[in-house]
Each structure stands twice: as structure tokens, then as C-alpha cells.
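Undergrad: Below you will find the structure I want to go over with you.
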Amino acid sequence: MNTKVVRIKEEEKTRETLEKNPGLLEAAEILKNGGLVAFPTETVYGLGANALNEEAAKKIYAAKGRPSDNPLIAHISCMEELPAIVKEIPEAGRKLAEKYWPGPLTMIFPKKDIVPYGTTGGLDTVAVRMPVDPVANCLIHLAGVPIAAPSANTSGRPSPTCAAHVQEDLDGRIEMILDGGPVGIGLESTIVDLSEGVPTILRPGYINQQMLEEVIGKTEIDRAILSDDSGIKPKAPGMKYRHYAPKASLTIVEGEQEKVTAKINELLKEGEAAGEKIGVIASTETAADYLGGVVRTIGSRSDELSISRHLFGILRDFDTLQVDRIYSESFETPQMGQAIMNRLMKAAGHQVMEV
Ligand code: TXA
Ligand code: MG
């Protein structure tokens, strides 16, 4: 299959212009006909298919090499599209939708029969998200059906934060890639389960626990997110897989910044003396303090989006550069710290060194 890439420029991203964009219209046709289109969202690039068409959903699993028990998120473009796919919308869901939709929040509801088990991995619930990215939102609107979309990467690789990452993984396996440039957030959406009991966060993201609690009161966090005990089964089936695994072994070094820098420099020296190629994930503030290795600046500690946005791309870079070992500083930033560290810890297989 030849994968067509269509670039959407910044100045083309108004709703009016997008609705007439030939690339978007073609993408919507592909989706209606059961094909696959990768598209930008504010979190990561998604791999879309008609969520109500079981055969189309199956193609997603095949293209990604994704285990079929791992359910897909159904993406909608406006609130009017929600009642068609969910049995009931609890009060908490209404309030969260009002505050954070469209945006980087996914909510889990009891599903209606129209949503096939092929989309929900056999579950009676469906995860729903309404992206705010203008290209994503308009594409879903034009397709006229909810769009199932996991991150557009090969299963096990870091989620794609630009069209080139999608091409790396899925070229020749899908009909089209809409290239809307690099994403703004760079980590997948927050997932909150509203299908039973106290609302529970199954995956941390840009919208953190405090932001949810400001709107709906008490929430819980799935224990599996907070623990490094792989024996605890996460409630989001996809969270159990070892995601984001770089080819090199990654270690997070935690502690006072001066000690962290000194420790990484020491490890660097040792590694290089042994003939190893070492990667370092540093911040803008500290990058110049490292005395060797392949240093990548993730972003500034005073701008957490600059950190979240570059994390997956840096992990991909280190795969390409074929480093043997990676050392990373830790990034416990105020709003997204939990989400950033959740992804980084998974990539590190929970290898942490305290100094
Ligand atoms: O930001 C995002 O959410 C991106 C963009 C493309 O929207 N999508 C994304 O999808 O991250 P994916 O498939 O990579 O991750 C979906 C996660 C998986 O961990 C899956 O197990 C969980 O959501 N999930 C989906 N439906 C669920 C359900 N009914 N119950 C529990 N977990 C569910
Ligand atoms: Mg994913």
C-alpha cells in the first residue's frame, strides 16, 4: 500500500478552511470506507478508523501489531455525538465535559450496543475523547462517525509526536497521514473511569488529579500507576504493556540537581571508558554541565510543556543513534509531573538511582 502524506499548514487550520481542504475531505472518505488515516491531535498522533465498523477496527490492530484485548478510544467532535454511543452520562461526566472538552481528557462510560466489541476489546464500556486539535476535530466531523484512534505507533514504541514518527512506524500499512506539524502536549490523554464507583484515573496526563477534583470532587488513582510492582494489574488494559521501551537501558537519576549532574558525569566517564555510547536526557538549565556523551535537551524546567512535548521524540532519537545506555534527570514538574514520570518510569522499566 502506498501511504499518502498530506501536509496541513498552520494558516489552513481554521474550521472554515479545513472543511473545504481536499486532503481532509479525502481522509474523511477513507474513514467512511473502512480505511485507516493517521492524524494529529493535541496529545499525540492517532491512527483512526470508523469506531462502529468492527472490520475497520481490526485493521488498526493489524497495522500496529497491537494485542486485540487492548481497547480503543472512540473520538467524537461535539457533545451531540456522545449519546449515540454511551448508555448513560453520569453527572460527573457532564461536568468534566463542560470544563475540559474538547481537550486531552478521555472518559469511560457504559457502551451502547452500536459500539462493537472489536473496538472495546470485549468490554461493556467505551472510552471517549473529544480532541480540541482543529484538524482532528474537523476530520471526525467530516467523517460523520466516531473515530477509534490509538496512538499511531507500532505497539511498544513511543507514541508519535510528529508525522515523521508515524511514517517511521506505519509507512505502507495505512492509507493516509495528515501532517499537522508537531503536537502541543506530547503525552497521551488523561483517562478517567466513570463507569462505576468513585471516578478513577487510569492514566495520568495533562489534566491532573487536582484539576479533575476541582470539578467533580473526590477521585482515585489506579494503584497500578503509583506502584512499581508489576504484579498489580492496571484497570486500563493497555497500561500493562511495557510501553515506550527504548532499545538502550534507561536509568533515571534522582536527587538534588548538583548531585544528579555529578553522578551522571561519573557514570558517563565510566561508560565511555568501557567503549559505550551514552545518552543523557538533560534540561535547558543543566545541559551544558555534562562532560561528554550524547546530550539531548528535553526542555526547560520553567516550561513543563516543553518537557512533555519532547520526551517521546528523544527516546526515538536515542534508538536511531544506537546508544548503549541512557541516563535521565527526573522531571517532577507541578502540573504534569505525574504524567511525565509515569511515561519515563515505564521507559526505564522502573530503574531509578537515588543520589
Ligand atoms: O491522547 C490519546 O488518548 C491518544 C490520542 C490519539 O487520542 N490515544 C491513545 O490511545 O493514547 P491508546 O490506544 O494508545 O491508549 C488507550 C488506552 C489504553 O491503555 C487502553 O487500554 C485504555 O485506553 N482504554 C480504552 N478503552 C478502555 C476501557 N473501556 N476501559 C479501560 N481502559 C480503556
Ligand atoms: Mg498507545
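The values are calculated or read from the model by the stated rules, or taken from the named source; none is laboratory data. Everything numeric in this text was worked out from a predicted model, so none of it was measured. Note: ideal-geometry Cβ built from the backbone for every residue, glycine included; neighbour counts use all protein chains shown. The area values use the complete protein model at the heavy-atom level, side chains included, leaving out ligands, DNA and RNA. Shrake-Rupley method; radii C 1.70, N 1.55, O 1.52, S 1.80 Å.
Undergrad: Just the residues that are touching a strand residue (DSSP E or B) at 6+ places or on another chain (Cβ under 9 Å) and either assigned to a loop (DSSP other than H, G, I, E, B) or among the small types (Gly, Ala, Ser) (or both), please, taken from region 173-184. I'd like the intermediate steps shown before the answer.
TA: So in region 173-184, the residues touching a strand residue (DSSP E or B) at 6+ places or on another chain (Cβ under 9 Å) come out as 174-181.
If the condition is that a residue be touching a strand residue (DSSP E or B) at 6+ places or on another chain (Cβ under 9 Å) and either assigned to a loop (DSSP other than H, G, I, E, B) or among the small types (Gly, Ala, Ser) (or both), then 174, 175, 180, 181 are the ones that fit.
Undergrad: Write out, first by first residue and then by second, each pair whose Cβ atoms fall under 9 Å of each other, whose residues are 6+ apart or on separate chains, and whose first residue, in region 326-348, is touching a residue at least 60 places away in the same chain (Cβ under 8 Å) and of a type in the set (Lys, Arg) while the second is part of a helix (DSSP H, G or I) and surrounded by fewer than 22 Cβ atoms within 10 Å (Cβ to Cβ).
TA: Final answer for the pair search is 346/239.
Undergrad: On to the next question. Which of the residues belonging to region 121-132 are within 9 Å of ligand 1 (Cβ to nearest atom) and open to solvent by 10 Å² or more (accessible area, probe 1.4 Å)?
TA: Scanning region 121-132 gives 121, 123, 124, 125, 127.
Undergrad: Please find, among 97, 136, 143, the residue that is open to solvent by less than 20 Å² (accessible area, probe 1.4 Å) and within 16 Å of ligand 2 (Cβ to nearest atom). Explain how you work it out, then say what you get.
TA: Working: 97 fails: within 16 Å of ligand 2 (Cβ to nearest atom); 143 fails: within 16 Å of ligand 2 (Cβ to nearest atom).
None of the other options fit; the residue is 136.
Undergrad: Another question, then. Do any residues in region 143-158 that are part of a strand (DSSP E or B) and of a type outside the set (D, E, K, R) have Cβ atoms under 6 Å from those of residues that are open to solvent by less than 30 Å² (accessible area, probe 1.4 Å) and within 9 Å of ligand 1 (Cβ to nearest atom), where the two are at least six apart or on different chains, and which pairs are they?
TA: 147/48; 147/75; 148/72; 148/74; 148/119; 151/44; 151/159
Undergrad: Give me the residue from region 25-54 that is assigned to a helix (DSSP H, G or I) and open to solvent by 10 Å² or more (accessible area, probe 1.4 Å) and, out of that set, farthest from residue 81 (Cα to Cα).
TA: Step one: filter region 25-54 for residues assigned to a helix (DSSP H, G or I), giving 25-32, 54.
Restricting the remaining residues to those that are open to solvent by 10 Å² or more (accessible area, probe 1.4 Å) gives 25-26, 29-30, 32, 54.
Details: 25: 20, 26: 22, 29: 19, 30: 20, 32: 16, 54: 19 Å.
In this case the residue turns out to be 26.
Undergrad: Looking at 260, 192, which is the one that is crowded, with 20+ Cβ neighbours inside 10 Å, within 15 Å of ligand 1 (Cβ to nearest atom) and in contact (Cβ under 8 Å) with a residue 12 or more places away in the chain? Please lay out each step first, then the result.
TA: Working: 260 fails: within 15 Å of ligand 1 (Cβ to nearest atom).
Just one listed residue meets the conditions, 192.
Undergrad: Would you point out which residue out of 68, 77 is within 30 Å of residue 340 (Cα to Cα), in contact with a His (Cβ under 6 Å, 6 or more places away or on another chain) and among the hydroxyl-bearing types (Ser, Thr, Tyr)? Write out each step before concluding.
TA: On the way: 68 fails: in contact with a His (Cβ under 6 Å, 6 or more places away or on another chain).
None of the others qualify; the one that does is 77.
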